[in-house]
Structure formats: C-alpha cells, structure tokens
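The values are calculated or read from the model by the stated rules, or taken from the named source; none is laboratory data. On a predicted model such as this, the values are computed, not experimentally measured, just so you know. When we count neighbours, we look across all protein chains shown, and the Cβ atoms used for this are built from the backbone with ideal geometry, even at glycine. Quick note on the areas: whole protein, heavy atoms, side chains included, nothing else; ligands and nucleic acids left out. Shrake-Rupley method; radii C 1.70, N 1.55, O 1.52, S 1.80 Å.
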Amino acid sequence: MYEAPDRYKRLISARLPGGESAGLAAGESSDESSPLRDVQLISRAHLAPFFAAANIIAALLMAEVLWTAVGSILLLPWFLAVAGLNLGAMQLARTQSITCVGRSGRRVPQWLMVGEVVARAVAWLWLPLYLFHTLDPSNQVIAASLMAGLGIGALGLVVVPPCATAWMISFTCGVVGALFMGRHTVPFQHMLSIVFTIGVAIFGVLTVARWAFRQIKTNADVGSQSESASLLLQEYEQRGVGWLWAVDSENRVTYISSRMSTLLGRPAGQLLGHSLPALLGGHAELGRVLLEKQPFNSLDMELSTARGTRWVSMAGDPIIDTAGRFEGFRGVGSDITEIRQTQERLTHLANVDVLSGLPNRGRVRQLLGEALRGATSGNVPCAIMFLDLDGFKPVNDTFGHPKGDAVLRAVAKRLVDEVGADGHVGRMGGDEFAIVVTDGQSRRKVEHLADRIIQAIKEPYLIDQTEIRIGVSVGCAFGPIDGATVDDLILKADLALYQAKDAGRGCARYFSSELQSEQEDRVRLETDLRQAIASKQFHLAFQPLINARNQKLIGFEALIRWNHPKRGFVPPNVFIPVAEESGLMTAIGDWVIDEACRAAASWPEPITVALNISPKQIVQPALPNTVSESLARYKLAGNRIELEVTEGVFLGDHGSTLDTLKRLRQLGVGIALDDFGTGYSSIGYLNKAVFHKLKIDGSFVREAGSRPENVAIIQSIVQLAKSFRMSVTAEGVETAEDFERMRDLGCDIIQGYLFGKPLAYERANEMVLGLGAKRMAG
C-alpha cells in the first residue's frame, strides 16, 4: 500500500494561498482498491505466526492426552496434518499481504479467508471429538479445556472479524459436543469451569475484534487521506503552482520546497535551521504573525532576490500536538510577482490620462485630499488651480482632433515644466487641467506661478508646420482657508474659474468674498430644487441601449431633466451637485427610481431601464427598501432595472456601500460600474460579486480611432470584464466607425447619439411599440 512520504505527512493540513485546506477527506473506496482490506491483510500476516504456533502447541498437548487412547497410528498423521495446514496458511497470509494489497493487488474474497479458518478448525477438532468418548474422565476434562483454551486463539484473527467469529463458533460447537458426550463422566463443576472459559473467550474475543476493527479502519481512513493529500501536495509543488514550508516553535526552517530555495538563490540544505523571517529579508509582518501563533492567509511580501524584486504570498497554520503544545508552523506560498505587476499596470491605467500621461480626474482628487490633510495637520495652506484652455474648441474644429491632441500634449508638457516640484499637474478631461500646490503659504508665489502659466500657455504651438495659438483661464482656491473638504475646494476653484472666464479669459482669479454672489445663486438654486421636488417639475428622458450583435433595442438609460419655470432647462451637472450637497439627492433619487420602474412596467419584458445612482444616495441604508417598494408597486421583476454607480462611490468608507450593493443584487437588480477607467481605481472591488456590467466612458470611445492607447485600454477593460463574467457597454458612440470598432473589440451594448439622443417617454414608447410590431410581423 502507498505510504505518504514523511515530509508530506507533516504538511497535510497546510492551506493554499486562497485559504482553502490542502487536506482531502477520505472517500469511499471500491472493493477492488480498499485501504481497509489492505490493512486487514497486512495485520493478518503479522498475527499469523502467533495463530499457527497456538494451533500447533495445542495440537501437541492434545496428542499427549490422546496417546493412551489411540497411540501413534492416528496421532502422528493428525498432528502432521494440523502443523502443515497451519504453517501453509501462515505462509499464504504473508504472501497475500504482499501480492494482494494496493491498487494492483488481487482481491482475496472474504469467504475464502473464512473457509480457510473453518478448515483449520475442523482439521484440529475431528480427532479429539472422535476419540473423546474413549477417554477417562480426567483426560476428558483436559481435552475439553484444551479445546476451550484454543478458542481464545481467535485473538490471532481479530483483524478479520468474520474469521474470528467462524473460529469461535467452530470451537464452541466442539466444546459443547465434547461435553455432551461426557455428560455422564465429566464432573459438573468441571463442566461449569469449561463453559465459563469458553464464554469468557467468546465475549473477550468478540470485544477485542470490534475494537481492533475500528482501529484498523481508522488507520486505513487516515492512510487514505494522507495518501490523497500527499499526492495533491506533490502535484502542487511539481506543477509550479506554489511551494511548501514548515518551521519549528522557534521559527527555524524544518522544510522548504526546492522552488523556494531556488527563488532565494540558496540550496535547501543551507536554509534548514535558519529563521524563516530572516531568510525572507527580516519581514516584520511575517515575524508578527508567527509570534501570534494563529492561522494566517494571503500575507504578501516583497523580496530582494538575484532575479530582482519579487512578490510572494504566504499562508500558514500552527502545529499543535495532542497535548496542546505549540510545535511550529506549516504552510504554503506562491510567487505573485506577475499578478502584482498586472494589477499595478491596470491601476496605472485607471489613474492616468492616456492622452497626456498626467494624473486623471480621480487621481487629482486623491492628490488634493492628501494635500488638504497635510495642510490641516501642518498648518501650511495648499492650493488647487483649475485651468480651462481658451480658444481650444476652434482648434479641433479647424485643424482636426489629431492636431488638437498634439496641442493638449504640448500644454501638459509646458504645465509640468512650469510647476516643477512645487505641485502636481493633472488633466480633468477635455481641455481642462488642474494643479495641486502642496505649499500655498505664500500667496504671492502662487499668483506668480499662475501668471507664468498663462504666459507659457499663450506662446504659439508649432504642430506639423502649423502655428496654433490658445490661451488659458485660471481659477484658484486655498485650503483649508476657502474649503475644508475636497469637494468644497473644487467648488470654490470652479467659482473662481467662472469669474476668470467672465472677466475676459486669459487671466487668473482667486476665490474671495466677491464670489459670494455665485454662492447666493447656489442657495437660490437649492430653494428652487426644493420647490421642484414638491411641484414635480422633473421628468425623465430615455436614451436607447442597443445590442451590439444584432443592433436591436434592449432598453433605455433614464436621464433626469429639469425645466424650471423661470430658469428654463437646468443641466443635470448644474443642479445635481447642489442637490447632493444640500441633502436633496435622496428625495430626487427616490422619485427617479419610482418613475423608472413605472416606465419599465409599461413596456414588454425584454426592455430594461438603467438609471444613475448618486454616491450620496448609494450610502443610504434605505435604498434597497426604496427599490424593493417600487418594484412591488409596479409588479416589476428586479432584472428589468439596472442601477449605475460611478467609481467615486469607493472613495470613502466602502463597507456600507458594498453592503448596500449586495442587498440590491439580492433583489435581482443589475449593478453597472459607470465611466470605468476615468476615475478612482476600483479594480479591487470587481471581485466582490456585485457588478454585472462595466460601462466604458465616451472619452475612450471617441478617441479610440486616433489613439492606439485607447484601443489597448478598451481591450483591457473588455478582457477584465469577461474574466469577471460581466457585460460591457460602450458610451458616446456617435459614428458608424465608432460602433464597428466597439463591436469588434467585444463590447456587448452600444449607447450614443448614433442610435438616438435622450427621448421623451412618448417617443421612447413609440420605439418600443415599433419593436413589438416588428417582432409580431416576424
């Protein structure tokens, strides 16, 4: 039978890097390859000499008792037959313990083993029983006692309970038969003694047989489990999946895989006996978890090796002996360098604007948050500058997007050169840039930087022998003086930028009390919003969602619109930030959810409705209840509604956000991650099993025709989505070329002006009715 190597036995309970146990439960084995049968055959062979010797010695004693009755005429052949039969059976048991075990061993039928035992019992008993009536009473007592005593010899058969039972039955019958024949000659007290002996023998042998069978069955099960786990661990090492390790109570290495020793650049023999944390570069976190003597998992560490910097992930379990004493650790590890590099590349793509190579909007927010925290704690103000290029739109319209992109890259370079080490330059999108100044203590220095930037940007650009001139307007706010939060500072810098635009462009303005009029207008807008909620001034517009494969309508995205009685059309990007800041977003969002469910319920089942959920609303614990009530109110299935969230929902404490998203998914509602890749990197949250769709921002789609980098990003996003079994929607598809490109890149759903602008409910309903008519005609 296969015996697991000691090094693998010590590691049977090690856990794989993901946390699962490497041990396997023993399954039910077939009769053709039973570990229990193997253990029985081996144990039977070990006990065979004892059993044979007991039979032969008992036969010799019986021959002496029978000598006076029959002499050597029958006794010698009988004794030789018993001895030969037992010695042959002993040799057969030894042979079977070698040739009949393991997966390739021949099966030994149980009836054959029982038959052999019965044959040996009959061979032993026939002559004493045949001559029993000829013996004098004293010899009859001795003969019966020998038969009863030999019954106890069944102890040599306890590993195979049926054989032990057969032996006891045979000798019990023999003793009972002998006593029946000697009932008139054997004294009664001797009969009781003999019966007591055979009774105790029966009880003792059967008890020992049951205990022995349980023991060998347990050993067989453990052996099977050890074998399976050992094979798994061997394959785990040999296939290059990971490596195994073990340390003693002093954290000294007692076993380490050759793959790990190769990674460390030293033979395994030189690693044994050394401290594992020291071998891995003195990693403090590893030393801490080993001192805690608790299981740990997914401990990532950076190692300096001859092959350069490598990342490994380790998991381990403490070794506790039967007395409860700590004996060390055993565990597994794997090289995750390639995984880390892939994650870093994706994170970089998600944080960087591909056109300019500068930090994107989400990254700028992060940098501003860090600068604001430093300013608050260090009492040194920071500053945020918002820059909007003047006259850039005509560049695109006149010279085309390729030259426009070249101008944007040139602007980015000039900004980086002017700012230098004084701050961080980022691109917010389009022709908007931002600068985070970490040290804004000197207002004059910040103003001088703004003036230099304005002068640098208005210098002419020579693009493909074409001279292009543009300007820039700058709005600036200081933190925490002008705002104590990122959003507040951004709003103040925006207000300053609007003032610079109103002042004639090509200048810099700074947030001050003079801008309070705009703030007052914001307050008036908030009041108008409250009235709009009460008087139901909002309505939804529906933009078609098209199946990329067959160009059929599959749903709409619901977009909120506000027509104010005096202001007229108020864009969502104007009133939604005000609603979020003033706490009105929940009421507006609840209305949007209810209205979207009402519209979806009026359309046939294949049509779905997607709607945007504000980051302010997604953190509300009551959101799943609101969605559930609307679904129930209109008797609408959850999968007819899709909620879109942006990556910004993960900027704060994401624990409650993930909980809310999971509760929504339990309702059957779809969750889409909107504008993926333009903001905060949420790649780490894609494996939380809450998203079913990624939406590629329109800026990637529109620039994909001229920017190979955009195509590479879109391919990465599509591959990432498919690996998580998500669908992909491409936004901002405005031309047939955009559509074909997105379809060929693997996008599942198309959205954009090519297939329709946002429509009123009545126009959207006409599209749905037209689709239904086509299906009926088909």
Cα point-scatterer Debye curve for segment 548-606, base-10 log of I(q)/I(0) at q = 0.25 Å⁻¹:
-1.07
With the dipole of the chain defined by +1 on each Lys or Arg Cβ and -1 on each Asp or Glu Cβ, the option from A730, T134, V158 whose Cα lies farthest towards the positive pole is T134
Add +1 for every Lys or Arg and -1 for every Asp or Glu among the other residues with Cβ under 9 Å from the Cβ of E327, and state the total.
-1
How much length, in nm to one decimal, is gained on full extension between R107 and Q531, taken as 0.36 nm per residue of separation minus their Cα-Cα distance?
143.8 nm
Where does segment 466-590 land on Rg/Rh, using Cα atoms and the Kirkwood Rh?
1.10
Taking R0 as 41 Å, what's the FRET efficiency between A736 and R409 from their Cβ-Cβ distance, rounded to 0.05?
0.90
Given the protein chains as shown and a 1.4 Å probe, how many square angstrom of I194 are accessible, to the nearest 10?
10
For Kirkwood radius over Cα pairs in Å, which listed value, (1) 34.5; (2) 27.4; (3) 29.0, comes from the coordinates shown?
(1)
Leading residue at positive end of dipole, the chain (Cβ point charges), from A601, F188, G149:
F188
How large is the accessible surface of D335 in square angstrom, using a 1.4 angstrom probe and rounding to the nearest 10?
50
Name the shape class, rounded, prolate or oblate, that the alpha-carbon gyration tensor gives for segment 331-449, where a ≥ b ≥ c are the square roots of its eigenvalues, rounded holds for a/c under 1.5, and otherwise prolate holds if a/b is larger than b/c and oblate otherwise.
oblate
Accessible area (Å², per residue) of the chain, counting only protein heavy atoms and a probe of 1.4 Å:
47
Quick one: net charge around R633, please, counting Lys, Arg +1 and Asp, Glu -1 for every other residue with C-beta under 15 Å from its C-beta.
-1
With the cut-off at 1.5 for a/c, could you classify segment 332-376 from its C-alpha gyration tensor as rounded, prolate or oblate?
oblate
For K501, K217, K693, K393, write out the residues from largest to smallest accessible area, computed with a 1.4 angstrom probe and no ligands counted.
K393, K217, K501, K693
Once you charge only the Cβ atoms, +1 for Lys and Arg and -1 for Asp and Glu, what is the size of the charge dipole of the chain about its Cα centre, to the nearest 20 debye?
1860
Quick check: the distance between the Cα centres of segment 131-162 and segment 55-97, to the nearest angstrom?
14
Would you grab the residues whose amide H sits under 5 Å from the one on I319? Only those 5+ places off in sequence or on another chain, please, with H modelled 1.01 Å from N.
E327, G328, F329, R330
Can you give the extra length, in nm with one decimal, that the chain gains between L92 and A712 once fully stretched, where that is 0.36 nm per residue apart less the Cα-Cα distance?
215.9 nm
Please state the Cα pair-distance histogram of segment 100-170 with 10 angstrom bins from zero: what percent is in each bin?
18, 39, 26, 11, 5, 1
Net charge, I339 excluded, C-beta distance under 12 Å - Lys, Arg +1, Asp, Glu -1:
-1
Would you mind calculating the gained length between D659 and K458 on full extension (0.36 nm times residue separation, minus the Cα-Cα distance), in nm to one decimal?
67.4 nm
How large, in percent, is the carbon and sulfur part of the accessible surface of segment 42-120 at a probe radius of 1.4 Å?
71
Taking a ≥ b ≥ c as the square roots of the Cα gyration tensor eigenvalues, with a/c under 1.5 meaning rounded and otherwise prolate when a/b beats b/c or oblate if not, segment 305-384 comes out oblate
Return one number: the angle in degrees, 0 to 90 and rounded to the nearest 10, between the long axis of the Cα atoms of helix 337-351 and the longest principal axis of the Cα atoms of the chain.
20
Fraction of accessible area attributable to carbon and sulfur, segment 242-335 (%, probe 1.4 Å)
47
Could I have the simple spin-label model distance between L60 and D300, label points 7 Å from Cα toward Cβ, reported in nm to one decimal?
7.6
In the chain, with Lys and Arg counted as +1 and Asp and Glu as -1 at Cβ, which of these residues, F79, A548, L489, has the Cα nearest the positive end of the dipole, that is, farthest along it?
F79
Highest average packing first - 442-455, 316-329, Cβ atoms within 10 Å
442-455, 316-329
List residues of segment 544-581, by number, whose backbone nitrogen lies under 18 Å from a label position 7 Å along Cα→C-beta of K393.
569-574
Separation of the H133 and F724 label points, Cα + 7 Å toward Cβ, nm
9.4
Say each of T309 and H539 gets a label point 7 Å from the Cα, pointing the same way as Cα to Cβ; how far apart are those two points in nm?
5.8
Taking 25 Å as R0, compute the FRET efficiency from the Cβ-Cβ separation of V70 and V176 and round it to 0.05.
0.65
Counting Lys and Arg as +1 and Asp and Glu as -1, each charge on the Cβ, what is the dipole of segment 499-601 about the Cα centre in debye, to the nearest 20?
480
